[in-house]
Amino acid sequence: MSILGIIFIGLIVGLIARFLKPGNDSMGWVMTILLGIGGSIAATYGGQALGVYKVGESAGFIGAVIGAVVLLILYGALKKN
């Protein structure tokens, strides 16, 4: 996948994660994209550690959204402190 494809999927995943998590999360487009990309990476490696995905297999779209929601919750907790 090209870098533009990764950024676009990251944006979509980040927007869905921000929609699913209640509360006011004031962050820009760049942070939303990074959150989506990070969620996909976290879901991939977390899924591999739990045995959900095989090595070399990436997380699916739903797994990426779940990973992004988890990162959004962690980001909000760290931002408060």
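The values are calculated or read from the model by the stated rules, or taken from the named source; none is laboratory data. These figures come from a predicted structure and were not determined experimentally. For neighbour counting, all protein chains shown are included, and Cβ atoms are generated from backbone atoms with ideal geometry for every residue, glycine included.
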Among the residues of segment 58-81, how many are outside any helix (DSSP H, G or I) and within 21 Å of Leu11 (Cα to Cα)? 3
Do any residues in segment 22-35 that are at positive phi have Cβ atoms under 9 Å from those of residues that are part of a helix (DSSP H, G or I) and not hydrophobic (A, V, I, L, M, F, W, C), where the two are at least six apart or on different chains, and which pairs are they? Gly23/Gly76
Residue list for segment 8-23, restricted to those being in contact with a helix residue (DSSP H, G or I) (Cβ under 8 Å, 6 or more places away or on another chain), surrounded by fewer than 14 Cβ atoms within 10 Å (Cβ to Cβ) and at pLDDT below 80: Gly23
Only residues that are part of a loop (DSSP other than H, G, I, E, B), among the hydrophobic types (A, V, I, L, M, F, W, C) and closer than 15 Å to Ile66 by Cβ: list them for segment 20-53, please. Val52
Being modelled with pLDDT of 80 or more and under 16 Å from Ile7 (Cβ atoms) narrows it down to one of Gly39, Gly67, Gly51, so name that one. Gly39
Among the residues of segment 24-32, are any among the aromatic types (Phe, Trp, Tyr) and surrounded by fewer than 11 Cβ atoms within 10 Å (Cβ to Cβ)? yes
